[in-house]
1. Does the stretch 142-286 classify as rounded, prolate or oblate by the C-alpha gyration tensor (a ≥ b ≥ c root eigenvalues; a/c under 1.5 gives rounded; else a/b over b/c gives prolate, otherwise oblate)?
2. What's the extension gain from residue 133 to residue 21 if we count 0.36 nm per residue and subtract their Cα-Cα distance?
3. So if R0 is 51 Å, what FRET efficiency would residue 193 and residue 260 give, r being the distance between their Cβ atoms, rounded to the nearest 0.05?
4. Could you sort the peptides 179-188, 111-120, 273-282 by per-residue average Cβ neighbour count (10 Å cutoff), highest mean leading?
5. Which order, highest average first, do 79-86, 255-262 follow once you tally other Cβ atoms within 10 Å for each residue and take the mean per peptide?
6. Can you list the residues, at least 5 places off or on another chain, whose amide H is less than 5 Å from the amide H of residue 207, using H built in the peptide plane?
7. What ³J(HN,Hα) values, in whole Hz, does the Karplus curve 6.51 cos²θ - 1.76 cosθ + 1.60 give for the stretch 278-283 when θ = phi - 60°, with x put for Gly and Pro?
8. Can you pick out the pairs among 23/137; 189/272; 197/270; 23/236 whose Cα atoms lie more than 29 Å from each other?
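Every number here is computed from the coordinates shown, using simple stated rules; none is lab data. Please read all numbers here as calculations on a predicted model, not as lab measurements. When we count neighbours, we look across all protein chains shown, and the Cβ atoms used for this are built from the backbone with ideal geometry, even at glycine.
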Amino acid sequence: MFHTKTGAAGLTIGTVALLSLLKLAVGIISGSVSIIAQAIDSLLDLFASLFTFFSLRFAGKPADREHPFGHGKAESISGVVQGGLIFAAAAYIFYQAVTRIVVGADIEYVTAGIVVMAVCIVVSIIVSRHLLRVARKTDSAALEANARNLATDVYTALGVLAGLVAVRISGLNILDPIIAIGVALFILKTAYDVVRKSFPHLIDVKLPEDEEALIESTMREHMGELVGFHSLRTRKAGSERYIELHMIMARDASVERAHNLCDHLEEDIKSKLPNACVTIHVEPCDRECDSCPDNCPLDQRTPGP
């Protein structure tokens, strides 16, 4: 159940909700701005998890008349929105920490805060690793963004825990807002990474170089059956890959032969790149050759534009 996209997103929602309430309660009781910062971050994670859950359900819908290319970009939109939320959380935490440094305040029940942060760290590690595994298995940008949000909680929680231990030992309450500022800066870096990874999918950036090289090598494996290929175009929407190219066939090749080769190439590419939608446009060779197609001298040429 928890190994599917929606199942993993649902598990995250329940976990983050519990951790958020726990940290918020302890943060308010103790007066620790660093714990409150963690609680705010987790509450945003909760909202992001809910957003991810519904965006995955929407992105998973099959193509329809209004959306002939499917709904996959909903995942990328989710990632960008989550990045914006993380930026907002970092700004708020930074403001509260600076205010606490200027005004000053005592921290109570430090030991309770230490215990709560330790528990949250262990739970976040377990859930974030599981979520990242599912994200990689399903190639989900939204789940990966969600997993990195939780992973951020682990690192920032460690910083908060170390700060609380230092306050407990030294009695220097100013260490708490200083740690909160460090948390805010770390969250800003995570927000940048999430937006940087999700935004390109919204403007149809091509597939990575290694994936395009795999497509080209697959085409070259069949150069004995086709003359060449060109105009390769690729993009990605969510976990769906869209691949278009032009394939050059011998002038006297039959429609059936060209169709069968296209089907074979499409399946070959799909077997190497999951969730791929391949469109191949067939063109006749523009050369006149007496031996076409069985001994075409263009068979060994390098595909070009």
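1. Cα axes put the stretch 142-286 in the prolate bin.
2. Extra length from residue 133 to residue 21 when fully extended: 37.7 nm.
3. Efficiency at R0 = 51 Å is approximately 0.70.
4. So the order, starting with the most tightly packed, is 179-188, 111-120, 273-282.
5. 79-86, 255-262
6. 234, 235
7. 3J(HN,Hα) across the stretch 278-283, in whole Hz: 10, 10, 10, 9, 9, 10.
8. Violating the 29 Å limit, Cα to Cα: 23/137; 189/272; 23/236.
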